[in-house]
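Visitor: Handing you this structure, nothing more for now.
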Amino acid sequence: MTELTLRGFIIHKGLLEVADQRAVVEAVRGVVKSAPLFRPDTPYGKKMSVRMTAAGRYGWLSDRTGYRYVPTHPDGMQWPPIPPNILDIWNRVTGLARKPECCLINYYAPEAGMGMHQDKDEADFQWPVVSVSLGDDALFRIGNTTRGGKTESIWLQSGDVVVMGGNARLAYHGVDKLRAGSSNLLPKGGRINLTLRVVE
């Protein structure tokens, strides 16, 4: 495991061993059984390319009315609790007594991506966002705290964990593309990204 910093993003390369990655994937499958994946609409009426669900007190939703955290799945059920082994990752990389209230789960099919965006729907930006990569490599782009300007990119591999905090908390970031077939962790390929967030 190595640690590097890029524009204030702390990147823990290879933090999760393969056995730990598999255990987290199993935990995610349990969440998906209770709260199935769905494809949200953007406020502009276009479907996102990723499918998502969540665990914790809140999930995140996008539709014609905007972006927001919600206490229930679109099908009406409560979100399941965040699995303990996923909370352990938060504890390991942040050391904070404050725990996340949302674990957003995004599944990227091989052709999916995520445009440049800020994570700014939370009440207090002093708390970091922790991002966990599982499955195929993803080209992760990091920008500035304002839209536009020069960016830098890094390939994230399965087991990498990124901490977005401090001055980097509101930096624009996104996923340009996946390297299909670069991991055999997920039987059907693609990538799972978990983001742990303090909402309140």
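The values are calculated or read from the model by the stated rules, or taken from the named source; none is laboratory data. Keep in mind the model is a prediction, meaning the values are calculated, not measured. Neighbour counts run over all protein chains shown; Cβ positions are idealised from the backbone, glycine included.
Visitor: Name every residue in segment 1-42 that is assigned to a strand (DSSP E or B) and not hydrophobic (A, V, I, L, M, F, W, C), in order of residue number. Walk me through it before giving the result.
Guide: Step one: list which residues in segment 1-42 are assigned to a strand (DSSP E or B), which gives 2-6, 9-13, 38, 41.
Across segment 1-42, the qualifying residues are THR2, GLU3, THR5, HIS12, LYS13, ASP41.
Visitor: As an exercise: evaluate ALA55 against (1) in contact with a helix residue (DSSP H, G or I) (Cβ under 7 Å, 6 or more places away or on another chain); (2) within 20 Å of MET164 (Cβ to Cβ); (3) assigned to a helix (DSSP H, G or I) and give the number of the one condition it does not meet.
Guide: So the condition that ALA55 fails would be (3).
Visitor: With respect to TRP79, is the statement that it is closer than 25 Å to ARG22 by Cβ, crowded, with 18+ Cβ neighbours inside 10 Å, at pLDDT 95 or above and over 15 Å from the mean Cα position of the chain (by Cα) true?
Guide: yes
Visitor: Taking into account only those residues within segment 63-73 that are in a loop (DSSP other than H, G, I, E, B) and modelled with pLDDT of 95 or more, which is surrounded by the most Cβ atoms within 10 Å (Cβ to Cβ)?
Guide: Among them, the one singled out is HIS73.
Visitor: Within segment 1-56, can you find the residues that are under 26 Å from MET77 (Cα atoms) and touching a His at 6+ places or on another chain (Cβ under 6 Å)?
Guide: Scanning segment 1-56 gives a single hit, ALA35.
Visitor: For a quick check of your reading of the model, give me the residue pairs whose first member lies in segment 113-141 and is in contact (Cβ under 8 Å) with a residue 24 or more places away in the chain, whose second is crowded, with 23+ Cβ neighbours inside 10 Å and polar (S, T, N, Q), with beta-carbon atoms closer than 9 Å and at least 6 apart or on different chains.
Guide: Going by the 9 Å Cβ cut-off, the qualifying pairs are SER133/SER158; LEU134/SER158; GLY135/SER158; ASP136/SER158; ASP137/SER158; PHE140/SER131; PHE140/SER133.
Visitor: Consider segment 1-26. How many of its residues are closer than 20 Å to GLY189 by Cβ and crowded, with 19+ Cβ neighbours inside 10 Å?
Guide: 3
Visitor: Out of segment 149-193, which residues are under 22 Å from ALA23 (Cα atoms), touching a Gly at 6+ places or on another chain (Cβ under 8 Å) and in a strand (DSSP E or B)?
Guide: Result: ARG191, ILE192.
Visitor: Quick one: in segment 31-62, of everything that is exposed (fewer than 14 other Cβ atoms within 10 Å of the Cβ) and more than 16 Å from the chain's Cα centre (by Cα), which residue is nearest to THR195 (Cα to Cα)?
Guide: The qualifying residue nearest to THR195 (Cα to Cα) is PRO36.
Visitor: Condition first: out of contact with any Lys or Arg (no Cβ under 8 Å at 6 or more places or on another chain) and in a strand (DSSP E or B). Now tell me which residues in segment 109-129 satisfy that.
Guide: MET114, GLY115, HIS117
Visitor: Hey, can you tell me all the residues within segment 64-83 that are of a type outside the set (A, V, I, L, M) and in contact (Cβ under 8 Å) with a residue 24 or more places away in the chain?
Guide: TYR67, ARG68, TYR69, HIS73, PRO74, ASP75, TRP79, PRO80, PRO81, PRO83
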